[in-house]
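Enquirer: Sharing a structure, written as structure tokens. Questions coming.
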Amino acid sequence: MRDAVIVDAVRTPVGKRGGSLSRLHSASLSAHVLNALVERTGLDPSLVDDVIWGCASAVGMQAGCVGRASVLAAGWPESVPGLTVDRQCGSSQQAVHQAAAGVVSGQYDIAVAGGVEIMSTLPLGTTRGDGSFGEPFGPDVWARYDNVRFNQGTGAQLIADEYGITRTEMDQHGLDSHARAAAAIDEGRFTGQIAPITVTDEDGTTRVFDTDEGVRRGSTLEKLAALKPAFREDGTITAGNASQVSDGTGALLVTTSEIARAHGWTPMARIHTAVVTGTDPVTMLKGPIPATAKALKKAGLSIGDIGAFEINEAFASVSLAWLRETGADYAKMNPLGGAMAIGHPIGGSGARIMTTLVHHMRDNGIRYGLQSMCEGGGMANATILELL
């Protein structure tokens, strides 16, 4: 039986809003990591059966199938196709799932999965436009949910209310995320997974960008407590305990163990289990809880078998609610920091997180790692990786 393995995984450093990556084209940024995979593995691009690329805002420069545009921008042969996947925040994690399914089924021998988002140019909600072409979901969906309009921030606040998660707990989680990411940067833990990129600043000077730039140092609970609530006047969700608006991309090379051996590649990990599930679209962001349960059941594993978790920090309430439901070890959840510190370039986040997870597993000899992300519309992917 064929399997699906990750040969290598690479990402750009994540840029903050208006930062180092904000003036680049999404296809050009994606091309950078595609060619980084070639350089790191010796891959012949002509052998790639498909490039499956996540993107949550397929409009403007990300329209017209940015997956295909990225292949062309990379200078890869015209024979290599590209596909754009939209499962909102989980788009590039879903791209890995589709690459794995294609490899296991025999439709692909070699696939590349990843994703991109430059939110500085295309902020969240861009695809909705001004309403002249109608609203997403539509009247039948709204009627089903008593005409409640789905909103991620509102959902995050509802989750905090439901679980009794306090402002202080969420702010502390935010501080921990930044502290963990800062430590990872200082200790060089991201170096092997990042493909530095030359960028041009507004004044025309060029420099090499190689470090996630959203990480804040020296903050305190007192400083975070001074921030205003973002979604409700008496709410507890703030900019300090939510993910950042970011720019970034990542890519993973997926094939079978047998094909990897034939090319002289040593795989990093096997894609052990891949699932997706739906949940209430009003609270929207609780999906990682049932997705984790589904993945563990399918894999025949328990929460205690997993040595590292990457649970996307869309909002602190999301990952803390997941922690309460699963009973997982907080120290093993996002051990190198998460989206509150590193950033959340929507369609590229799944690839960024999986790249971080698989490198962390290899660097620390961790057999099993689990990743899950909440997604717009009330969905979530979960992936279990097994170290090889």
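Enquirer: Please work out if V318 is assigned to a helix (DSSP H, G or I) and within 26 Å of I52 (Cβ to Cβ).
Expert: yes
The rows are residues; the columns are (1) under 18 Å from the mean Cα position of the chain (by Cα); (2) at pLDDT 95 or above; (3) open to solvent by 30 Å² or more (accessible area, probe 1.4 Å).
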residue: R216; (1), (2), (3): no, yes, yes
residue: K228; (1), (2), (3): no, yes, yes
residue: A242; (1), (2), (3): yes, yes, no
residue: S257; (1), (2), (3): no, yes, no
residue: A262; (1), (2), (3): no, yes, yes
residue: T266; (1), (2), (3): no, yes, yes
residue: K286; (1), (2), (3): yes, yes, yes
residue: A299; (1), (2), (3): no, yes, no
residue: G304; (1), (2), (3): no, yes, yes
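Enquirer: Within the range 124-135, identify whether any single residue is open to solvent by less than 20 Å² (accessible area, probe 1.4 Å) and either of a type in the set (D, E, K, R) or out of contact with any helix residue (DSSP H, G or I) (no Cβ under 7 Å at 6 or more places or on another chain) (or both), and answer yes or no. Working first, answer last.
Expert: Going through the range 124-135, the residues open to solvent by less than 20 Å² (accessible area, probe 1.4 Å) turn out to be none.
Looking through the range 124-135, none of the residues is open to solvent by less than 20 Å² (accessible area, probe 1.4 Å) and either of a type in the set (D, E, K, R) or out of contact with any helix residue (DSSP H, G or I) (no Cβ under 7 Å at 6 or more places or on another chain) (or both).
Enquirer: Can you pull out every residue in the range 342-380 that is under 14 Å from the mean Cα position of the chain (by Cα), over 16 Å from P290 (Cβ atoms) and among the charged types (D, E, K, R)?
Expert: R352
Enquirer: All but one of (1) touching a His at 6+ places or on another chain (Cβ under 9 Å); (2) exposed (fewer than 15 other Cβ atoms within 10 Å of the Cβ) hold for T168; which doesn't?
Expert: Condition (1) is where T168 drops out.
Enquirer: Being open to solvent by 50 Å² or more (accessible area, probe 1.4 Å), aliphatic (A, V, I, L, M), closer than 28 Å to L385 by Cβ and out of contact with any helix residue (DSSP H, G or I) (no Cβ under 7 Å at 6 or more places or on another chain) is the requirement here; does L83 meet it?
Expert: On the way: open to solvent by 50 Å² or more (accessible area, probe 1.4 Å): yes; aliphatic (A, V, I, L, M): yes; closer than 28 Å to L385 by Cβ: yes; out of contact with any helix residue (DSSP H, G or I) (no Cβ under 7 Å at 6 or more places or on another chain): no.
So L83 fails the test.
Enquirer: Counting only residues that are hydrophobic (A, V, I, L, M, F, W, C) and part of a loop (DSSP other than H, G, I, E, B), which one in the range 341-388 is most open to solvent (accessible area, probe 1.4 Å)? Give the steps one after another, and end with the answer.
Expert: Of the residues in the range 341-388, the ones hydrophobic (A, V, I, L, M, F, W, C) are 341-342, 346, 351, 353-354, 357-358, 361, 366, 370, 373-374, 379-380, 382, 384-385, 387-388.
Those still in the list that are part of a loop (DSSP other than H, G, I, E, B) too: 341-342, 366, 388.
Values: A341: 0, I342: 2, I366: 26, L388: 105 Å².
Across the range 341-388, the extreme among qualifying residues is L388.
Enquirer: Then there is this: Which of the helices (runs of 4 or more DSSP H) contained wholly in the range 117-236 include at least 2 residues that are at positive phi and free of Cβ contacts under 8 Å to residues at least 12 places away in the same chain? Outline the logic, then answer.
Expert: Numbers: elements: 139-144, 152-163, 167-186, 221-225.
No helices (runs of 4 or more DSSP H) qualify here.
Enquirer: Turning to a different aspect of this structure: For G338, which of the numbered conditions (1) open to solvent by less than 10 Å² (accessible area, probe 1.4 Å); (2) in a loop (DSSP other than H, G, I, E, B); (3) in contact with a Phe, Trp or Tyr (Cβ under 9 Å, 6 or more places away or on another chain) fails to hold?
Expert: Answer for G338: the failing condition is (3).
Enquirer: Just for the range 52-91: of the residues that are among the β-branched types (V, I, T) and closer than 30 Å to F315 by Cα, which one is modelled with the lowest pLDDT? Show your work before the answer.
Expert: First, pick out the residues of the range 52-91 that are among the β-branched types (V, I, T): 52, 59, 66, 71, 80, 84-85.
Add one more test, that the residue is closer than 30 Å to F315 by Cα, and what stays is 52, 59, 66, 84-85.
On the way: I52: 98, V59: 94, V66: 98, T84: 98, V85: 98.
The residue in question is V59.
Enquirer: Still on this structure, I have one more. Checking Q88 against (1) closer than 16 Å to R352 by Cβ; (2) open to solvent by less than 10 Å² (accessible area, probe 1.4 Å), which test does it fail?
Expert: Unmet for Q88, out of (1) closer than 16 Å to R352 by Cβ; (2) open to solvent by less than 10 Å² (accessible area, probe 1.4 Å): (2).
The values are calculated or read from the model by the stated rules, or taken from the named source; none is laboratory data. Predicted, not measured: the structure shown is a model, and the values here were computed from it. Note that each Cβ is placed from the backbone with ideal geometry, even for glycine, and that neighbours are counted across all protein chains shown. Remember, those area values only see protein heavy atoms, side chains included, never the ligands or the DNA or RNA. Shrake-Rupley method; radii C 1.70, N 1.55, O 1.52, S 1.80 Å.
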